[in-house]
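Trainee: This is the structure, below, for whatever I ask next.
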Amino acid sequence: MAENLKKTPAEAAIAARYPVEKPALPGTAAVTALRDRAFGTVDADGLPHRRVEEWRYTDLKANLKTVPAAAGAADPAAVAAARPAIEGDKARRLVVANGRFVAALSDLSDLETGLSVGSLAEALAKGEPAVLKALELNAGIAGNTAVALNTAFMTDGVLLAVADGVAIERPIEIVHLTEGALAASTAVRHLVKVGAGARLTLIETIESLSPVANQSNVVTVVDVGDDASFDHIRLQLEPDTAVALTTVIARIGARARCETFNAALGGAIARNQLYARFAGRDAVGGFRGLTMLSGRRHADTTLQVVHDAAGCQSRELYKAVIDDEARSAFAGRISVPSHAQKTDARMMTASLLLSEQAEADAKPELEIFADDVQCGHGATCGAIDDELLFYLLSRGIPHDEAESMLILAFLGEAIDEVHNEAVREALVHRVDAWLGARKA
């Protein structure tokens with residue numbers, strides 16, 4: 001604890017921000033008490049460092065130089081002019097700008113019967129009991145630094161609910177935009193409830209409209225009801241100066257299907273966290289993603305899946321392409337308690353290194369206390385196959401194009417798991433742009 005007696009500039013900035021910004025943050029006395037506890041945890045423990053096992057690959061204490069103040073109100077004209085990641089009307093667009101839900105710029109017309117959309121800030125101000133209950137998290141998750149910072153500083157978010165038995169055919173896209181000439185921080189919390197037998201596809205895009213060193217912290221809490229179907233895709237598109245902390249916390253009911261996909265395509269420091277718990281038997285989950293890094297960027301994927309019911313199946317697949325002096329980290333754990341018999345879980349991470357200075361770390365773990373299970377994990381790391389590259393070159397394909405083809409083939413297994421065609425097209429477009437920039 002001695003190392004935390006002297007605060008780093010980032011820790012000092014957090015400590016200075018909270019009392020100044022706290023009076024303007026939405027919420028009743030109960031919410032304020034929750035914020036105080038969360039801030040107290042971070043203030044007492046300090047930012048995590050490499051000797052904290054959960055953060056061993058992402059040393060925020062050493063690498064986070066400062067934490068800017070909360071973003072002010074966004075310019076509506078600049079936000080309205082921003083080009084969406086999902087083109088056209090293929091998704092219902094909900095806009096969160098500078099940490100605030102902007103109903104006026106969101107598509108709220110003709111909401112499907114059984115679909116409700118609201119503002120977290122408004123619900124916090126009213127002290128709605130259901131919302132307050134949804135903010136209470138498992139102690140281990142609530143104490144995570146990124147989650148605790150989000151709880152302390154959250155300004156707004158989207159409340160999204162689908163009634164029992166309702167299928168929302170048109171995907172919903174939550175667009176997170178940060179706008180402004182000066183670096184700023186945003187903290188957003190979304191609460192999503194998919195009722196029993198309901199169906200929903202949710203897309204999140206996180207992006208800055210200027211190349212300043214913004215810091216975003218987005219937490220999405222999802223309750224997937226029994227027999228429901230939920231797809232979640234997140235595209236992290238921040239500029240290479242930004243810091244992006246993203247978390248998904250999912251509870252999955254009996255016989256439900258939950259699929260998540262995270263694409264980390266930007267940010268100087270990016271950390272994606274997933275906490276998933278199978279709360280009912282015979283459910284199916286797929287947790288996948290990809291990372292593309294260049295320069296000196298750092299991206300961390302941390303995954304914890306708990307099979308807390310019998311007969312559930314999970315598949316985890318994460319792929320990373322790393323160039324220059326960038327670093328990718330993956331830490332995944334599947335936990336199977338003694339009562340979760342008939343569990344079927346498979347976890348795989350694979351990294352492709354494009355330079356001798358690139359680095360990939362992987363720590364897949366299985367924690368199994370049941371005896372009737374099928375569980376496995378694996379990790380691979382390597383360079384482009386010289387024989388495959390030579391084969392393409394011998395067919396007259398230019399070197400850069402041949403490399404791009406092999407990189408796309410490597411990522412294809414993960415990208416193909418994105419079932420929504422519009423999102424898959426947007427993802428491929430971003431991958432192509434990354435490959436094009438690399439060849440330039």
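Trainee: Please figure out what share of the DSSP beta bridges in region 92-213 is antiparallel and state it in percent, rounded to the nearest 5.
Mentor: 25
Trainee: Distance from the Cα centre of region 247-274 to that of region 349-405, in angstrom?
Mentor: Region 247-274 and region 349-405 have Cα centres separated by 21 Å.
Trainee: Okay, next question. Hydropathy first: keep DSSP H helices in the chain averaging at least -1.0 on Kyte-Doolittle, then drop any whose Cα extent along the axis falls short of 15 Å, and list what survives.
Mentor: 9-21, 29-45, 399-415, 421-439
Trainee: Under 5 Å between amide H atoms, partner at least 5 residues away or on a different chain: which partners does Asp231 have, H built in plane at 1.01 Å?
Mentor: Leu200, Thr201, Leu202, Glu259
Trainee: List the pairs from Lys319/Lys363; Lys7/Lys65; Lys22/Lys193; Lys61/Lys319; Lys65/Lys319; Lys133/Lys193 whose alpha-carbon separation is above 18 Å, in the order I gave them.
Mentor: The pairs that break the limit, which is 18 Å between Cα atoms, are Lys22/Lys193; Lys61/Lys319; Lys65/Lys319.
Trainee: Here's something else I'd like to know. Carbon and sulfur: what percent of the chain's accessible surface (1.4 Å probe)?
Mentor: 53
Trainee: Same structure again: Averaged per residue, what accessible surface does the chain expose to a 1.4 Å probe, in Å²?
Mentor: 41
Trainee: Taking Cα extents along the principal axes in Å straight from the coordinates, which label in (i) 69, 52, 49; (ii) 62, 56, 47; (iii) 72, 50, 40 is the correct one?
Mentor: The value computed from this structure is option (i).
Trainee: Let me ask you something else. As a test of the formula, what do you get for the chain when each DSSP H run with n ≥ 4 contributes -39,500 (n - 2.57) and the sum is divided by the residue count, at 222 nm and rounded to the nearest 500 deg cm²/dmol?
Mentor: Calculated mean residue ellipticity at 222 nm is -7500 deg cm²/dmol.
Trainee: Among Ile334, Ile397, Ile86, which one moves the most in a GNM of the chain with springs linking Cα atoms closer than 10 Å?
Mentor: The residue with the greatest mean-square fluctuation here is Ile397.
Trainee: Taking the Cβ of Ala242 as the centre, find all other residues whose Cβ is under 11 Å away and add up their charges (Lys, Arg: +1; Asp, Glu: -1).
Mentor: In short, -2.
Trainee: Follow-up question, since we're still on this one. What number comes out for the charge environment of Gly332, summing +1 per Lys or Arg and -1 per Asp or Glu over other residues with Cβ under 10 Å away?
Mentor: Local charge sum for Gly332: 0.
Trainee: Moving to a separate point now. If R0 is 35 Å, what FRET efficiency do you get for Lys363 and Glu122 from their C-beta distance, rounded to 0.05?
Mentor: 0.30
Trainee: I want the local charge near Val306. Using Cβ-Cβ distances under 12 Å, sum +1 for each Lys or Arg and -1 for each Asp or Glu among the other residues.
Mentor: Once all neighbours under 12 Å are counted, the net charge is +1.
The values are calculated or read from the model by the stated rules, or taken from the named source; none is laboratory data. Values in this document were obtained by computation on a predicted structure and should not be read as measured data. Note that we place each Cβ from the backbone using ideal geometry, even for glycine, and neighbour counts take in every protein chain shown. Calculation scope for accessible area: heavy atoms of the full protein, side chains included, ligands and nucleic acids excluded. Shrake-Rupley method; radii C 1.70, N 1.55, O 1.52, S 1.80 Å.
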